[in-house]
1. I'm a student and want to see the number: the projected area of the Cα convex hull of the range B:249-299, averaged over all directions, in nm².
2. Under a straight-distance cross-link criterion of Cα-Cα below 30 Å, which lysines are reachable from residue B:101, leaving out those fewer than 8 residues away in the same chain?
3. Compute the helix-to-body angle for A:59-68: its Cα long axis versus the longest principal axis of chain A, expressed 0 to 90° and rounded to tens.
4. Calculate the FRET efficiency for residue A:41 and residue B:203 from the Cβ-Cβ distance with a Förster distance of 30 Å, rounded to the nearest 0.05.
5. From Cα coordinates alone, what are the radius of gyration and Dmax values for the range B:455-530 in angstrom?
6. Among B:214-224, A:37-47, how do they line up from the highest to the lowest mean number of other beta-carbon atoms within 10 Å?
7. Per residue of A:27-38, how many C-beta atoms from partner chains lie within 10 Å of its own C-beta, taken as a mean?
8. Would you kindly compute the Cα radius of gyration of chain B and its largest Cα-Cα separation (Dmax), both in Å?
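Values in this text are rule-based calculations from the coordinates and carry no lab data. The shown structure was predicted, so the numbers you read here are calculated from the model rather than taken from an experiment. Quick reminder, even Gly has a Cβ in these numbers, built from the backbone with ideal geometry, and neighbours come from all protein chains shown.
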Amino acid sequence: MAFWIFTALLMTTLVMTVVALNALVVNATYRLQTAQEQQRALIGDGAALRIEVARLSSPSRIALWAADNGMRMPASDEVIPLRVAGAGGGSA
Amino acid sequence: MSPRPPAHRLVAMLAIMVVAFVGIVVRLATLQVRDNNTLSALGMNQRMRTIDLPAERGQILDRDGTALAVTREARDIYANPTLVTDPLGEAETIAEVLELKPKDVRTALGTEGTFVYLKRQVDLDVALDLEALQLPGIGFLEVPQRYYPAGALAPQVLGIVDVDGVGIAGLENQYQSQLAGSPGERTAELSADGLPISTGTQTIQEPVPGTSVVTTLDRQMQYMAETALQRAVERNGALGGTVIVMDPHTGDIYAMATYPGFDPNDTSDVTQDEMRNRTVTDSFEPGSVNKIITAAAALETGAVSLDQRFQVPSQLQVGPFTIEDSHVHPIETMTIGDIIAESSNIGSVLVADEVGNDHLGDYMERFGYGRETGVGFPGEAEGVLLPSSQWDEVIRATVSYGQGISVTPLQMARVYATIANGGTRVQPRLVRGFEGADGTFRNAPAPRTRQVVRPDTADLLTRMLAYVVEDGTGAEAQIPGYQVAGKTGTSRKLDEYGHYVQRYMASFVGFLPASDPEVVIAVSIDEPRTVYGGLAAAPLFQELARYAIQRLSIPAAPAVALPPHAQELP
């Protein structure tokens, strides 16, 4: 009788161990997949933000915004290049 | 107590059990041993699925690394008509969200079969709006979409991709193999409900992302070139125009603009004409901007000296044709400098007579006429240059002032870049290098160079071009504080039968500062109301040159001496 009880306990312990280890592997795999998905999502978010920066900083958008806010590009004769003495050559 | 069953029954039962057990063992042996490989393979095939992993297409960047073309997520939207429960109602809804015609959607939903595209390359936010409606029979496929964050900036240069993401025009097409990368694949073991088995077999061959192309374009300069060109075209009532801004020493193209343009994010109404990068694909008769090559050949070969005087009438009979200057004038005494400054056709013809066919043709070829510049752009035109061995006196005469040959705006810009670079021709380039997905940068091959004229000849030509702007036809290109060297051009256009008509191409090509050039700008305006290059194109040059001074921080430089004027000679 004692043999059968011992065998049953041993088998139960072994089965429980195998199931528990399997559960740990599944759990770790799940966490790994979740982390990989988060990584992919973050990379995607980063790419989307870089695209947004490129869109927001596009010269046409800024020019439009500036015009809407009462600004304009200076006319040719309104831009006067200044020269610092000693920093460049003479002029025509 | 019941009687014991007869022994033969027990034997029979045992025999049956033994037979059954043997049968099971045999069947097991058959499945597990004999058919092991076949059944394992069948099982694997049933569970394993291979999914293509598309490679992310590389970006196209400006010279500072700002994205000009990127790839983002989008959706292809399809229907399974057999699962659609309310075709009329769904068609109305789908048409409204996707901005399609309801009739077209109804037709699609009424087709036989289980798969039909409703719209491809749909923006993600629009697709998500439709997905939220959970319409029966409507499906969504995750696909990449090419997006141009700066909108209608350099569309003809960047080009476009087709619905499958393959470059079909511009740099997208030229660098398709580098941008595309290599697709990968993922093989995974799936459960009966199609989900990956956590502990199952999984192999991944990662896709190799495409290489990004780093252009030489300056986004701000490109924008300024395009907007200024548009204003100039509208101001002159012209059909269109082109602008090139480049570094004469490296061949880097800062801006390459063609008007009219288009928005590459919406190519539904774009015509083939609008998609052409005319600075590279279209050639035209350059007109007077070409006279500088006649002068280069004359000075380099020693056929004409700087103080040699010519008696220049306003009309000249050459063979059966009468060649005229742009305005009537008495016979004038001119030096070669005067001829270039006043843009005299007759003067150029007289200079070309001194140079001769062989030398003139040779220098046209040296400056790069009649063959591609090698800029690396699909569909680049070579222009037309008849071999000088086939020239007669009429062809020599017309070629000397830029008629009877054709060049692209880029070829013309390169001529002036050669002079600005001390006589050394540099291959223009649109691409600085390539950036891998890991951020490593690889330089594009160094541009080819060739000495076309001696540095001292280039200096003489620069002095003559400065004379054009200070005291000749290019006065509208002057910038206070900076000496500009350049040349005006006005050329008649040909009709479809090859006959000259009263329609003109106005141009101005120049560089600054004259003594230490930092930038070359070539401008052409197609059929302006004010036909002359000095009036239609030079102001646009001046506007862009002023901006280039700010953008590139170009310092002023000492002025070059102007060439001798005939009236000042003893």
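1. Details: hull surface 22.9 nm².
Quarter of the Cα hull surface area: 5.7 nm².
2. Within the straight-line limit of under 30 Å, residue B:101 reaches these lysines: B:119.
3. So the inclination is approximately 60 degrees.
4. Details: r = 23 Å, r/R0 = 0.77.
Using R0 = 30 Å, I get an efficiency of 0.85.
5. 14.7, 47
6. Working: B:214-224: 24.1, A:37-47: 10.9.
By packing density, highest mean first, the sequence is B:214-224, A:37-47.
7. 1
8. Calculated on Cα positions, Rg and Dmax stand at 35.5, 156 Å.
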